[in-house]
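Step one of this worksheet: look at the structure below.
The values are calculated or read from the model by the stated rules, or taken from the named source; none is laboratory data. Note that the structure is predicted; figures quoted are calculated from it, not measured. Quick reminder, even Gly has a Cβ in these numbers, built from the backbone with ideal geometry, and neighbours come from all protein chains shown.
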Amino acid sequence: MNNIDLSVSIGKLKLKNPVLLASGTVGYGNEISKFIDLSKIGAIVTKSISLKPRKGNPPQRIVETSSGMLNAIGLANVGLEVFVKEKLPFLEELKTTLICNIAASSIEEYVQCIRILSEHEIIKAFEINVSCPNVKDGGLIFGNNIEAVKKITSEVRKATEKTLLIKLSPNTADIWKFAEAAKNEGADAVSAINTLVGAAFDIKTKKPKIKNITGGLSGPAIKPVALAKVFEIHRNVDIPIIGIGGISNTEDAIEFLIAGASAVQLGTINFINPNAGIEIIEGLKNYCLQNNVNNISKLTGSYNLS
């Protein structure tokens, strides 16, 4: 069995393999392109893009923790106009699928970004980051409000025919209800999970190590939580899931597939081993060969609870 089919379909999105590089960990592609052959990756998810440039939070905004890292970047990015003029030309040369991650502080901003970027054929899908504060509602995080997730998904769905992924926050009870809401409003898939809220303190100064006090915890430390959330969604909602959270090697990726993910995203590991994506793709091929699996999609939700 040498012809292992690693391709996966998520909505209209056709991927050569289920390994994606997560938003915020590979910039706009050119930053990591010196270390990895991006043409072999299933897809690259851009750093979050907002309508206007964002400086983000003041430093210190990244701190290493036990089995992971905290970040409070604050969605710093070049803004839509610069992205289109300066970043998109490089991405158009890549022989891989491009997914744009969108961040916004109002529903109108999400829609405006989507409408403008939908004009570019190279962009095949959008990942909507709902872990953003709604400035019109006193800073309430969109992703913690199920009605807000419904509204964003509904309005963005009207703005594009391209594949739509909603990136869910784990910082809420019953994540499956948010996945269900996204599906009912037209999402093609959900990305799960975004970072967990965490903090760290300097025992000498007694000050927070992150200027923002709290940040998003990522890396191997959150993998068991992410797996549980993916499993929860899969058991309750019939929607494709892109698993995210502490994936560092082939075994991690396979666990997510077994738990219900159709594809996976690599995040923190890209800072440690930029070639991890290629290694995991090869590892998936070998696993399939050794276990007589001719199509990688057969692993999705293949858990055995007996």
Would it be correct to say that residue 256 is among the aromatic types (Phe, Trp, Tyr) and within 19 Å of residue 18 (Cα to Cα)? yes
Taking strands (runs of 3 or more DSSP E) that fall entirely within segment 1-50, which contain at least 1 residues that are within 23 Å of residue 255 (Cβ to Cβ) and modelled with pLDDT under 95? none
Tally the residues that are in contact with a Leu (Cβ under 9 Å, 6 or more places away or on another chain), surrounded by fewer than 20 Cβ atoms within 10 Å (Cβ to Cβ) and basic (Lys, Arg), restricting the search to segment 223-262. 0
Please specify each residue of segment 23-35 satisfying the condition of being crowded, with 21+ Cβ neighbours inside 10 Å and of a type in the set (A, V, I, L, M). 26
Residues of segment 112-161 satisfying the condition of being hydroxyl-bearing (Ser, Thr, Tyr) and closer than 14 Å to residue 187 by Cα: 153, 154, 160
Kindly indicate the residue of segment 64-89 that is in contact with a Pro (Cβ under 7 Å, 6 or more places away or on another chain) and small (Gly, Ala, Ser) and also farthest from residue 122 (Cα to Cα) among those meeting that condition. 67
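Residues in segment 194-205: is at least one of a type in the set (Ser, Thr, Tyr), under 30 Å from residue 121 (Cβ atoms) and crowded, with 19+ Cβ neighbours inside 10 Å? Even if it seems obvious, please write down each step before you answer.
Step one: of segment 194-205, the residues of a type in the set (Ser, Thr, Tyr) are 195, 205.
Still in the running and under 30 Å from residue 121 (Cβ atoms): none.
No, that holds for no residue.
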Can you tell which of 148, 173 is free of Cβ contacts under 8 Å to residues at least 60 places away in the same chain, closer than 29 Å to residue 235 by Cβ and in a helix (DSSP H, G or I)? 148
Under the condition of being touching a residue at least 12 places away in the same chain (Cβ under 8 Å) and in a strand (DSSP E or B), which residue from segment 189-213 is farthest from residue 67 (Cα to Cα)? 189
Identify, from the list 186, 216, the residue that is touching a residue at least 24 places away in the same chain (Cβ under 8 Å), of a type in the set (Gly, Ala, Ser) and part of a loop (DSSP other than H, G, I, E, B). 186
